[in-house]
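Peer 1: First the structure, then my questions, so here it is.
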Amino acid sequence: MARPSTAARRYAEAAYELAMRDKALDEWRDGLALAAELAADEKVAEIIDNPAVPLADREAVIDRLLDGRVPTGVRNLVRLLARRGRVDVLPNVAAQYVRRLNRERGIVEAVVTTATPLDEDETEAIRARVEAMAGSSVDLRSDVDADLIGGVVVRIGDRLYDASVRGRLERLRSQLMAGTR
């Protein structure tokens with residue numbers, strides 16, 4: 001994922017403040033996620049992020065897509081981003097909003113990477129283990145990287161736990177290379 005921009009953080013902070021005011025933190029989280037998903041669609045982005053399309057038409061498309069599905073504030077934020085030609089930051093805004101919400105709720109974000117997709121039981125077992133390691137609730141996301149060969153890599157904040165076959169082989173190679181010098 002691309003590094004979050006300052007603009008995305010600022011929009012997310014403003015969104016968080018409005019959601020706090022409206023006592024609708026979860027609704028805003030879900031609304032931002034839906035808006036980011038819709039804006040990522042090529043056909044939608046072709047219209048709402050195209051300065052050649054009149055602003056009124058872009059806003060009409062946004063209204064048709066989001067009215068009744070997201071809080072009014074989320075719809076207004078997407079319209080503002082379209083006006084400013086910044087719809088591309090919407091996924092980062094949604095991600096930054098979730099990070100802020102998780103931080104306020106004491107939830108740690110973690111990413112588990114495996115060589116093959118995890119089933120529900122494996123995911124829950126890893127979640128329990130990561131929660132024990134982190135000492136708090138965890139928002140767990142899983143990725144698949146076939147290059148790991150096997151095992152698991154867990155990133156909790158800035159800490160990395162590498163129990164993958166690839167990681168073990170790389171450490172073994174480093175040790176062997178260090179011994180030959």
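The values are calculated or read from the model by the stated rules, or taken from the named source; none is laboratory data. Worth saying up front: this structure is predicted, and the values here are computed from it rather than measured. Please note: Cβ atoms are built from the backbone with ideal geometry, for glycine as well, and neighbour counts cover all protein chains shown. Note: accessible area is taken over every heavy atom of the protein model, side chains too, but ligands, DNA and RNA are not part of it. Shrake-Rupley method; radii C 1.70, N 1.55, O 1.52, S 1.80 Å.
Peer 1: Regarding the range 91-103, can at least one residue be identified that is in contact with a strand residue (DSSP E or B) (Cβ under 6 Å, 6 or more places away or on another chain) and within 30 Å of Val152 (Cα to Cα)?
Peer 2: Yes: one or more hits.
Peer 1: Which condition number in (1) at pLDDT 90 or above; (2) more than 22 Å from Arg105 (Cβ to Cβ); (3) open to solvent by 70 Å² or more (accessible area, probe 1.4 Å) is the one that Arg3 fails?
Peer 2: Every condition holds for Arg3 apart from (1).
Peer 1: Six or more apart or on different chains, Cβ atoms under 9 Å: show the pairs whose first residue is in the range 35-54 and open to solvent by less than 30 Å² (accessible area, probe 1.4 Å) and whose second is among the hydrophobic types (A, V, I, L, M, F, W, C) and part of a loop (DSSP other than H, G, I, E, B).
Peer 2: Ala35/Val70
Peer 1: Among the residues that make up the range 147-160, is at least one of them open to solvent by less than 80 Å² (accessible area, probe 1.4 Å), of a type outside the set (A, V, I, L, M) and either within 11 Å of Glu109 (Cβ to Cβ) or without any contact (Cβ under 8 Å) to a residue 24 or more places away in the chain (or both)? Before the answer, list the steps.
Peer 2: Taking the range 147-160 and keeping what is open to solvent by less than 80 Å² (accessible area, probe 1.4 Å), we get 148, 150-154, 156-157.
Cutting the leftovers down to of a type outside the set (A, V, I, L, M) gives us 150-151, 157.
Remaining after also requiring either within 11 Å of Glu109 (Cβ to Cβ) or without any contact (Cβ under 8 Å) to a residue 24 or more places away in the chain (or both): 157.
Within the range 147-160, one or more residues are open to solvent by less than 80 Å² (accessible area, probe 1.4 Å), of a type outside the set (A, V, I, L, M) and either within 11 Å of Glu109 (Cβ to Cβ) or without any contact (Cβ under 8 Å) to a residue 24 or more places away in the chain (or both).
Peer 1: Filter the range 26-45 for residues that are over 16 Å from the mean Cα position of the chain (by Cα) and either assigned to a helix (DSSP H, G or I) or at pLDDT 95 or above (or both) and give the result.
Peer 2: Glu27, Glu42, Lys43, Val44, Ala45 - these are the residues of the range 26-45 that are over 16 Å from the mean Cα position of the chain (by Cα) and either assigned to a helix (DSSP H, G or I) or at pLDDT 95 or above (or both).
Peer 1: So which of Val61, Val70, Val98 ends up being part of a helix (DSSP H, G or I), hydrophobic (A, V, I, L, M, F, W, C) and within 18 Å of Leu18 (Cβ to Cβ)?
Peer 2: One residue alone meets the criteria, Val98.
Peer 1: Just checking, which of Arg100, Arg166, Arg173, Arg129 is at negative phi and surrounded by fewer than 12 Cβ atoms within 10 Å (Cβ to Cβ)?
Peer 2: Details: Arg100 fails: surrounded by fewer than 12 Cβ atoms within 10 Å (Cβ to Cβ); Arg166 fails: surrounded by fewer than 12 Cβ atoms within 10 Å (Cβ to Cβ); Arg129 fails: surrounded by fewer than 12 Cβ atoms within 10 Å (Cβ to Cβ).
From the options Arg100, Arg166, Arg173, Arg129, the qualifying one is Arg173.
Peer 1: Which one of Ala82, Ala95 is surrounded by 15 or more Cβ atoms within 10 Å (Cβ to Cβ), over 19 Å from the mean Cα position of the chain (by Cα) and within 20 Å of Arg9 (Cβ to Cβ)?
Peer 2: Details: Ala95 fails: over 19 Å from the mean Cα position of the chain (by Cα).
After applying the criteria, what remains is Ala82.
Peer 1: For the structure I just gave you, tell me whether Ala12 is in a helix (DSSP H, G or I) and touching a helix residue (DSSP H, G or I) at 6+ places or on another chain (Cβ under 7 Å). Give the steps one after another, and end with the answer.
Peer 2: Details: in a helix (DSSP H, G or I): yes; touching a helix residue (DSSP H, G or I) at 6+ places or on another chain (Cβ under 7 Å): yes.
Against the criterion (in a helix (DSSP H, G or I) and touching a helix residue (DSSP H, G or I) at 6+ places or on another chain (Cβ under 7 Å)), Ala12 qualifies.
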